[in-house]
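Each value in this text was obtained by applying a stated rule to the coordinates, not by laboratory testing. Just so it is clear, the model here is predicted, and its values are computed rather than measured. Neighbour counts are summed over all protein chains in view; Cβ atoms, including those assigned to glycine, are modelled from backbone coordinates with ideal geometry.
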Amino acid sequence: MDADNLKTTLDNIKTFDWNSALVSFFVVKREPQRDRSAKYGVWHVEVEEKLKKS
């Protein structure tokens, strides 16, 4: 993806109404392997109710 496409995508995202968005938080861990590939672990983190925007 080139810079123009990234800017267009970002501009599009900025037009969204985020007031009704839900909160999701993920942690991604990348582990390089000896054969130059990588293994990934993905964890979903629960967000405390008091931290969610109401």
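Just a few scattered comments:
- Each residue of the stretch 40-48 is assigned a 3J(HN,Hα), and the resulting list reads 10, x, 10, 10, 8, 10, 5, 9, 4 Hz, derived from the Karplus form 6.51 cos²θ - 1.76 cosθ + 1.60 (θ = phi - 60°), x at Gly and Pro.
- Dipole moment magnitude, nearest 20 debye, the chain about Cα centre, only Lys, Arg, Asp, Glu C-beta charged: 260 debye
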